[in-house]
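Peer 1: Sharing a structure here in structure tokens format.
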Amino acid sequence: MKNSPMTAWHQALKGSALALAMVGSLLGADAALAQSKPALKPAASSASSSLASSSAQLQAAQSELSFTSRQMGVPVDGRFKRFDAKLSFDPKKPEAALVAFSIDLASVALGAPELEAELAKAAWFDSKKLPQASFTSSAVKATGPAKFEVSGKLSIKGQTRDIVVPISLSQAGGLTTASGSFVLKRLEFKIGDGEWADTSMVANEVQVKFKLAFTGIAAL
């Protein structure tokens, strides 16, 4: 049965939140939610042994992964509560850095359980069938003091795309924090499929922001 215009409009509100995929990808859990250590496997790569032996450790309570989409021009914010990152980084050899990142898509938080349940459906994250998004770096380039561009492959919902992520590093109190943002195009990852592909209702562009705190990295 065809939904009434009012029902379709309410569903579209749900769809906007779902469009905030990210990451795919790419990054806000508050401290209380982030303290439970995620049981996620980092993206597989030929560099996995180097990442496994890295002394850098993600500090989940000080890390965030968030995103903003737009529903009919109105911003809708969300975050992921469970994610993991592996980093191998020598400040003297930044070009040799390796990064692997994984996100539990079922941990999306939008402040409304019904919207979060909607996001799990096949048209959006399909998180029961494809529970993780991942990113694996392929190259790192210094662009300025404590600033870098990280190239790699982002995989969400069975779709993989090359992306470049600008990152800034800062250090304080024994922590090294990597922060940045990038724009993800949801339709490239089939997020908001079918009727939700209409970008006049839900924007194609999703702004992803992250702040990842690590211990075990040498002084910059």
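Peer 1: Sort 145-151, 202-208 for me by packing, meaning the mean count of neighbouring Cβ atoms within 10 Å per residue, highest on top.
Peer 2: Top of the packing list down: 202-208, 145-151.
Peer 1: Something else about it: For GLY180, what is the net charge nearby, where nearby means another residue's Cβ is under 11 Å from its Cβ and Lys, Arg count +1, Asp, Glu -1?
Peer 2: +2
Peer 1: In what sequence, highest mean first, do 126-138, 110-122 appear when ranked by Cβ atoms within 10 angstrom?
Peer 2: Highest-to-lowest ranking by the protection proxy: 126-138, 110-122.
Peer 1: Now for a separate question. At 0.36 nm per residue, minus the direct Cα-Cα distance, what do GLU188 and ALA112 gain on full extension? Give it in nm, one decimal, please.
Peer 2: 24.8 nm
Every read-out reported here was derived from the displayed coordinates using simple, explicitly stated rules and does not represent laboratory data. Fair warning: this is a prediction, and the values are worked out from it, not measured in the lab. Heads up, the Cβs are rebuilt from the backbone with ideal geometry, glycines too, and the neighbour counts pull from every protein chain shown.
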